[in-house]
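What follows is a set of notes on a single structure, which appears directly below.
The values are calculated or read from the model by the stated rules, or taken from the named source; none is laboratory data. Because the structure is predicted, anything quoted here is derived from the model rather than measured. Reconstructed Cβ throughout: ideal geometry from the backbone, glycine too, with neighbour counts over all protein chains shown.
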Amino acid sequence: MPWLYGIAHNVLRDSLRKRRIEDRARGRLGLPHTIAPDPEYEAIERRLSVPEAAVRAIAQLPDSDREVLELRVVQERPYSEIAGRLSCTPQAARLRVSRTLRRLNLALGGSDHD
């Protein structure tokens, strides 16, 4: 799921940047600023930011593990499709995703039973 937060963070960051540019332009034209004040946007941005530890843990995964997580978590592909790409059964694909998620959880300080 960290990839999803990363995507959301990037979209929000771009939106905030555009909003600041628009606010400056509105101010120069004497128009009112946008509706939500900056602290509200900044609070949302803080909640959506991906912890640096998660980014490092994902980067340390083997490419094949990152690929199965991207297929399942980010792209929400069914296990049957993932299995086709891995040349294995859907059950084996499900197990691979599960084990990768468990390793990622442990790398982030979680327990084996989370």
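The table for this structure:
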| quantity | calculated |
| --- | --- |
| Residue match in the stretch 35-53 (condition: closer than 13 Å to L104 by Cα, assigned to a helix (DSSP H, G or I) and either β-branched (V, I, T) or modelled with pLDDT of 75 or more (or both)) | yes |
| Residues located in the stretch 86-110, provided they are hydroxyl-bearing (S, T, Y) and assigned to a helix (DSSP H, G or I) | S98, T100 |
| Qualifying residue in the stretch 14-30 (condition: assigned to a helix (DSSP H, G or I), over 18 Å from the mean Cα position of the chain (by Cα), modelled with pLDDT under 70 and outside the structural domain of L104 (by TED's automatic domain parsing)) | no |
| Selection within the stretch 54-85 - within 17 Å of N105 (Cβ to Cβ), modelled with pLDDT of 90 or more and not in a helix (DSSP H, G or I) | P62 |
